[in-house]
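Report on one structure; see the data block that follows.
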Amino acid sequence: MPITQQELGRRLKTAREAIGLTQDDVAARLDLSRSAVAQMELGNRAVSSLELDRLAHLYGRDIRELLSDQFRDEDALVALFRADAALASHAETADTLRNCMNLGRELTNLERLVGLDRDTTAAVRYSLSAPRSKWDAIRQGAGVADHERRRLGIGDAPVPNIIEILEAQGVRTALVGLPEDVSGLTLIDRDVGPFVAVNEREHILRRNFSFAHEYAHVLLDRDAQGMISRDSHHNDLAEVRANSFAANLLMPETGVRQFLATLGKGSDSRLFAEAPTETGAISIEARGNAAALDVQLHDVVLLAHQFGVSRSVALYRLRNLKIIGERDFQTLAAQDQAGKGRELARLLDLPEPDHQAARQLFRHRFLSLALEAYRREAITRSKFAELAATVLDAAEAERLLDDFTADDPHGPADLLLPAG
């Protein structure tokens, strides 16, 4: 049955307070007076459909949830703000996170409209106890990565496409603008399911690592509902475990050694005591002797290309596996930082990753679904424009729809952008 105006007001107040906004903040965003916002929350003023839509977007909520019989005081976004209090006070970042949730919900709705319902509970989860130490976190991450490779049938080969793997496992993915020190975030929503967003400002090879890192949070930290990965948090045990998982998923030890063998390099005893990141590594002391092998920078360049990672991750992984020692690591890292790795990649005629195509993957899929929903008359032209405006500017969105309808008002399939 329909909820009362007073109950709607209570829900709006709860949703506002949960993400740390004041009535003045809301009034400024909606171009209303603070008194008008207060009267809405008291149930003394009716809320128009347009106002409710804007409020839902501002609070990162589904408008249907605000009106449904069942209402949750907390959701994944609230959990994320609670886990990282600085987010709520940073307006630009908070807006980005709200947009992430809204994109996930809109994508879910579009899939349903075109008959692509997916099971939002399909993603596998691993129930492990919280790591007690960095060594424990590294060991857990490595073990789960090895199990996932076997489960997914990848073996020791390079991961073909990390985004496609996540999508196939029921995890929604997106590239969004995040603060410089944030590599990615994971949200677990009841309706959207697992949702992973990675910083679009990162280099494509770092993004591969970040997607693998966030996948670890989906598999291992589902109860947290919301997690954000900051460079400054790299010592947190959950982050250590996720970095270890990403390194082992993208560069399995056997695969690394086999590839080096094809380059005429030998092998060494195994010792895992480090989780690489893009900005450093989490290391702990463990017994073992490092017998540095004759690995040169061109080997590192080829290895990084083979496994789709940055040269820095490849270097940390080689050190972690004790294939190179500390002195060789420092020498090779200095050579790479001086630009020699990039020059070797050019001389070896290794293709550059297609940054633009990778950035467009989510946009293409989202717009394809929106166009198909419009073709089926499941959404209106104005709704399409609203959706397209989340990933295009208004003029581009209008041109896209004009071109689409001009060629065939029924929306021919060959005009649809690739779903990815």
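Every number here is computed from the coordinates shown, using simple stated rules; none is lab data. In this text the structure is predicted, and so the values were computed from the model without any measurement. Neighbour counts are summed over all protein chains in view; Cβ atoms, including those assigned to glycine, are modelled from backbone coordinates with ideal geometry.
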Around HIS147, under 13 Å between beta carbons, what's the net of Lys plus Arg minus Asp minus Glu among the other residues? +3
Gained length - GLN39 relative to GLU164, 0.36 nm times residue gap less alpha-carbon distance: 40.3 nm
Could you calculate the contour length gain from ASP69 to ALA338, that is, 0.36 nm times the residue separation minus the distance between their Cα atoms, to one decimal place in nm? 90.7 nm
With labels modelled as points extended 7 Å from the Cα through the Cβ direction, what inter-label distance (nm, one decimal) is found for LEU116 paired with ASP136? 4.2
Contact order normalised by residue count of the range 1-73, Cα under 8 Å, 6+ apart, percent: 44
With contacts defined as alpha carbon pairs under 8 Å and 6 or more residues apart, what's the relative contact order of the range 132-244 in percent? 33
Test of understanding: what is the full-extension gain from ASP156 to ARG29, defined as 0.36 nm times their sequence separation minus their Cα-Cα distance? 40.6 nm
Testing the spin-label approximation: label points 7 Å from Cα along Cα→Cβ at THR405 and GLU7. State their distance in nm. 3.8
So if we plug the beta-carbon distance of GLN330 and ALA378 into 1/(1 + (r/R0)^6) with R0 = 45 Å, what FRET efficiency do we get, rounded to 0.05? 0.15
